[in-house]
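Peer 1: Below you will find the structure I want to go over with you.
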Amino acid sequence: MRIYARRFGSGGPAVVLLHGFHSTGERDWVDTGIVAALTALGRTVVVPDLPGHGSTPAFPARADVVARAVLELVEGPFGLAGYSLGARLAWEVVAQDPARVGNVVLGGLAPFEPLAGLDPAMFGPGLEEVVRGLQETPFTPDGWAGHSPPVFVAGEDDEMVRGIDGVAGSIEGAELVRVPGGHAEALAGPGFRETIVRVM
């Protein structure tokens with residue numbers, strides 16, 4: 001399965017950015033100024049649309065299948081950041097090929113499977129297929145596979161990330177950064193952008 005991706009910058013170390021559920025790479029990463037901040041540092045930034053979102057058609061989005069599709073977008077090592085669903089899938093990308101993934105930022109990550117128990121049909125055509133695939137591979141934050149510890153970013157008022165301190169505390173060397181706002185505000189705020197720039 002192939003996913004659509006835009007590329008920004010040229011020649012520098014690659015960074016892949018994975019967006020959240022019911023969003024797009026454009027909305028989460030371009031509109032928030034994160035792509036511009038990274039290209040200003042000389043990074044090559046790869047911004048895919050996940051299955052059933054933006055310009056990528058829907059397909060059963062098992063986490064392992066999506067992770068392999070993400071890995072095909074770049075050659076060699078790369079940095080990785082994800083928000084919400086993108087963070088959950090970034091965890092799987094690291095598990096698939098830890099040797100290629102350098103520094104990792106996981107924003108708005110729920111320490112459980114947020115789609116568990118939901119009826120996929122409620123999301124409508126396209127996303128229904130995606131949700132079914134994700135439900136087949138539920139997220140459990142067991143055993144960080146990365147060679148470098150991740151940096152977690154969580155909104156102070158974000159109910160989705162409740163319990164993330166326990167996940168961060170279970171990984172030696174992991175960092176947890178608290179930023180103002182709820183789930184949407186944390187993504188758009190300067191704290192998340194500044195953390196990605198610092199880590200990448």
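Peer 1: With the requirement that a residue be over 13 Å from S84 (Cβ atoms) and surrounded by 14 or more Cβ atoms within 10 Å (Cβ to Cβ), what does region 158-184 give you?
Peer 2: Passing the criteria: D165, V167, A168, I171, A174, E175, L176, V177, R178, V179, G181.
Peer 1: How many residues are buried (at least 24 other Cβ atoms within 10 Å of the Cβ), of a type in the set (G, A, S) and in a helix (DSSP H, G or I) if we restrict to region 68-93?
Peer 2: Final tally of qualifying residues: 3.
Peer 1: For region 116-166, which positions are outside any helix (DSSP H, G or I), touching a residue at least 60 places away in the same chain (Cβ under 8 Å) and under 13 Å from R88 (Cα atoms)?
Peer 2: Result: T137, F139.
Peer 1: Kindly indicate the residue of region 36-52 that is within 14 Å of the chain's Cα centre (by Cα) and farther than 15 Å from G11 by Cα and also surrounded by the fewest Cβ atoms within 10 Å (Cβ to Cβ) among those meeting that condition.
Peer 2: The residue in question is D49.
Peer 1: Let me ask something else. From the set of residues in region 53-67 that are part of a helix (DSSP H, G or I) and in contact (Cβ under 8 Å) with a residue 60 or more places away in the chain, which is surrounded by the most Cβ atoms within 10 Å (Cβ to Cβ)?
Peer 2: Going through the qualifying residues, I end up with V66.
Peer 1: Go through region 34-52 residue by residue and tally those that are in contact (Cβ under 8 Å) with a residue 40 or more places away in the chain and either in a helix (DSSP H, G or I) or over 27 Å from P114 (Cα atoms) (or both).
Peer 2: So the answer is 5.
Peer 1: Going by the structure shown, is F112 under 14 Å from the mean Cα position of the chain (by Cα), of a type in the set (F, W, Y) and not in a helix (DSSP H, G or I)?
Peer 2: Judged against the criteria, F112 is not a match.
Peer 1: I need the full set of residues from region 1-31 which are part of a helix (DSSP H, G or I), among the charged types (D, E, K, R) and closer than 19 Å to V93 by Cβ, in order please.
Peer 2: Passing the criteria: only D28.
Peer 1: Run P111 past the list (1) crowded, with 24+ Cβ neighbours inside 10 Å; (2) farther than 19 Å from A14 by Cα and report the number of the one that doesn't hold.
Peer 2: With (1) crowded, with 24+ Cβ neighbours inside 10 Å; (2) farther than 19 Å from A14 by Cα applied to P111, the lone miss is (1).
Only the coordinates and a few stated rules stand behind these numbers; no lab work does. This one's a predicted model, so the numbers in the text were calculated from it and none came from an experiment. Reconstructed Cβ throughout: ideal geometry from the backbone, glycine too, with neighbour counts over all protein chains shown.
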